[in-house]
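Working notes, beginning with the structure itself.
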Amino acid sequence: MTTAPREDWEELLDPEEQLLWVGTPASGIRFTPKAIGTSVFGLFVFGFAIFWTVGAATPFLQGLTGGMPQGAGWFFIFFPLFGLPFIAAGYYMVIGQYFRDARQRRHTRYALTNRRALITSWAGKRTLKSFPIGPTSVVDYQPGPEATIYFATEVTKDSDGDTNSERIGFEHVPDGDAAYAIIRRIQSGAVE
């Protein structure tokens, strides 16, 4: 497992803050229930987009053999192009999302200090998120070969004003037991 060097994290720490653990999510493609559900829905989007685009292109293809009315050529050339964004969206939902997720994880690093959890990512623009860990922090630990530890919830509003909540934590961590043990020590006050 490759992790960011400890020196990279040291510059982000507050005075008297100690770095206790650094880690990275497991690499490669992961098939999660949410992603599989999106893929199943994406099959319908992708299939319909292909069907619609081929149907819309049929008059143009027939026109190549002389079966299209005069003067309608430009319409039948451009009309099928409206299906291309939907083909792309369906393709992303079926296949592309897995590669994007793998890329995101490849550029994500985790750290625990004696006060907080840090998540940094630089897939696209560089981000750093900090979440305090205290005695009252709710921690959801899902053990396994690639453990997940949730310790925060981020609430956002979309363009309609609907509220969305997303659980935040260390996902697909190969040494999740060690990270969880450190979080428990932080919560109990054993780490100053």
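The values are calculated or read from the model by the stated rules, or taken from the named source; none is laboratory data. Please read all numbers here as calculations on a predicted model, not as lab measurements. Backbone-built Cβ (ideal geometry, glycine too); neighbour counts: all protein chains shown.
List of remarks:
- Residue check for ASP140: among the charged types (D, E, K, R) and under 30 Å from TRP52 (Cα atoms): no
- Top-ranked residue in region 135-170 [being under 15 Å from LEU112 (Cα atoms) and among the polar types (S, T, N, Q); ranked as modelled with the highest pLDDT]: THR148
- Hey, ILE50 within 30 Å of TYR180 (Cα to Cα) and at pLDDT 85 or above or not: no
- A count restricted to region 118-142 and to residues that are closer than 21 Å to ARG30 by Cβ and among the hydrophobic types (A, V, I, L, M, F, W, C) stands at 3.
- Failed item, numbered, when PHE131 is tested on (1) loosely packed, with under 12 Cβ neighbours inside 10 Å; (2) assigned to a strand (DSSP E or B); (3) more than 18 Å from the chain's Cα centre (by Cα): (1)
- Answer from ILE186, ILE149 - the residue that is crowded, with 19+ Cβ neighbours inside 10 Å, touching a Gly at 6+ places or on another chain (Cβ under 9 Å) and more than 20 Å from PRO25 (Cα to Cα): ILE186
- When region 111-145 is filtered for residues that are out of contact with any Lys or Arg (no Cβ under 8 Å at 6 or more places or on another chain) and among the aromatic types (Phe, Trp, Tyr), the ones remaining, listed by number, are TRP122, TYR141.
- Of all residues in region 106-124, those satisfying the criterion of being over 14 Å from the mean Cα position of the chain (by Cα) and in a loop (DSSP other than H, G, I, E, B) are ASN114, ARG115.
- In summary, strands (runs of 3 or more DSSP E) completely within region 137-182 and bearing 2 or more residues that are aromatic (Phe, Trp, Tyr) occur at 147-157.
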